[in-house]
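Enquirer: Once you've had a glance at the structure underneath, I'll fire off some questions.
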Amino acid sequence: MSIYRELGIEPVINASGSVTRLGGAVMPPEVVQAYVDAAQATVPLEQLQALASKRIAEATGTDAGIVTTGAAAALTLGTAAILARLDAGKMERLPHTDGMKNEFIIAREQRSGYDHAVRAAGARLVEVGFNEIVANAGVRRTEVWEYEAAIAEKTAGIVYVYSPTSRPNVAELVRMARVHDIPVLIDAAGELPPRSNLKTIPASGADLVAFSGGKTIRGPQSTGILCGRKDLITSAVLQLLDMDDHPELWSPPTEFIDVDTLTGMPRHGFCRSMKVAKEQIVSLLKALEMFTSGAYLPLVPQYRERLQMIAKTLSNHPVTCTIVEKNDDESPPSLEIRLDEERLKQSAFDICRGLRGGSPAVYVGHGKLPQKTLVINPTCVRDDQWATLTKRLSDSLI
Ligand SMILES: *Cc1c(COP(=O)(O)O)cnc(C)c1O
């Protein structure tokens, strides 16, 4: 940790989970060691990605996969793969898609800042459905027929953001898309744990699925996974790898990149700017192995105990604490602290600002501030930080 102080920046207590703006997950020592080891040797990256593909395929029950520089990059790569397929000429043109099938259908209610990642590759988003519930103007969610009705000459794919509450049902959507031969790309960035989601989300039949590697898998912040159909993964990796070699010498692993299926040897592709380092690949694989083997599960009861301690400490403060359990038995609980703003004479936003401003700075989950609630996510709080976190909360909430 002292490296940050050496540089002149003070580390914060992150009680909001593995969010990107605070640098993602804290990597376990084993993952850090894998990163360090990987940094001290050299391997051909296409061979390393081919090896990663086998590991990812096994973990996700898919045909193939690659390590990317995040789930957002995986979405861009997935989009580029669906747009260009194995056509080297199209790969060279991206992100310019004039004259190509370039429309991706997305539910209006699933649009977010992350859809930049899809648009970046040259896709044009076509919205379907409405956002009636948020608009307080109706009860219905987006339905499969609405996607089907939007399929047109230029439809290249469907992008779908997965969550347990997403609608329509993803398997039904995929079934419809199959009939029209339209690939489905799923954003499942933050949908782990439960570990089973690594397999059940791809098992929906989706052509490509993106997971984040720097969230609960606890790999480096800028890692992710793209997995799914082999030909699309091949297209993705071709647009990602450094391609500066002689065609006479270029011999990627054939089970990963079948040169005979290509229209030519692509040059550096559109996603060359999202290149993945060997250290990222190796350490993400280590983190994936730990995540899938259940190495993080013993932490869950420890987290629960820590949160209960905070709740106990705050029992005489003008707040109401609730431990919120997730619907699966693998996700850590969180602690919601509902504030009595009148008695505190401060708003939840003021308290949050004060916590960020103090020393050490404390960043709590801010998703429920409009409901006067601070959320404590335990997963990025280090063992040695709990006492200080508890004290800062206790000092601030009086
Ligand atoms: C976090 C997240 C992403 C981005 O993932 P990165 O690994 O940070 O690139 C994309 N979509 C959703 C829904 C997310 O939660």
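What follows is calculated from the coordinates using simple rules that are stated; it is not laboratory data. None of these values were measured; they are calculated from a predicted model. Positions of Cβ are backbone-derived with ideal geometry, glycine not excepted, and every protein chain shown enters the neighbour counts.
Enquirer: For the range 366-398, which positions are farther than 12 Å from LEU339 by Cα and not in a helix (DSSP H, G or I)?
Expert: Listed by number, the residues that qualify are HIS366, GLY367, ILE376, ASN377, VAL381, ARG382.
Enquirer: Hey, can you tell me all the residues within the range 141-165 that are assigned to a loop (DSSP other than H, G, I, E, B) and either more than 16 Å from the ligand (Cβ to nearest atom) or out of contact with any Ser or Thr (no Cβ under 9 Å at 6 or more places or on another chain) (or both)?
Expert: Filtering the range 141-165 for residues assigned to a loop (DSSP other than H, G, I, E, B) gives 141-143, 151-154, 162-165.
The answer is ARG141, THR142, GLU143, ILE151, ALA152, GLU153, LYS154, SER163, PRO164, THR165.
Enquirer: Related question: With the requirement that a residue be of a type in the set (Lys, Arg) and more than 16 Å from the ligand (Cβ to nearest atom), what does the range 166-204 give you?
Expert: ARG175, ARG178, ARG195, LYS199
Enquirer: Could you list, in sequence order, the residues of the range 205-221 that are in contact (Cβ under 8 Å) with a residue 40 or more places away in the chain and part of a loop (DSSP other than H, G, I, E, B)?
Expert: ALA206, ASP207, GLY213, GLY214, LYS215, THR216, ILE217, ARG218, GLY219, PRO220, GLN221
Enquirer: Specify which of the listed residues (GLY24, GLY65) is within 15 Å of the ligand (Cβ to nearest atom), assigned to a strand (DSSP E or B) and within 28 Å of LEU185 (Cα to Cα).
Expert: GLY65
Enquirer: For residues in the range 222-264 being charged (D, E, K, R) and touching a residue at least 40 places away in the same chain (Cβ under 8 Å), which is farthest from the ligand (Cβ to nearest atom)? Don't jump to the end; show me each part of the working.
Expert: Quick first cut of the range 222-264, residues charged (D, E, K, R) only: 229-231, 242, 244-245, 248, 255, 258, 260.
The next check asks that each one be touching a residue at least 40 places away in the same chain (Cβ under 8 Å); those that pass are 229-231, 242, 255.
Values: ARG229: 20, LYS230: 23, ASP231: 24, ASP242: 21, GLU255: 27 Å.
Filtering the range 222-264 for residues that are charged (D, E, K, R) and touching a residue at least 40 places away in the same chain (Cβ under 8 Å), the one farthest from the ligand (Cβ to nearest atom) comes out as GLU255.
Enquirer: Out of all the residues in the range 81-129, which are in contact with a helix residue (DSSP H, G or I) (Cβ under 9 Å, 6 or more places away or on another chain), in a helix (DSSP H, G or I) and farther than 29 Å from VAL19 by Cα?
Expert: Answer for the range 81-129, where residues must be in contact with a helix residue (DSSP H, G or I) (Cβ under 9 Å, 6 or more places away or on another chain), in a helix (DSSP H, G or I) and farther than 29 Å from VAL19 by Cα: LEU83, ALA84, ALA88, LYS90, MET91, GLU92, ARG93.
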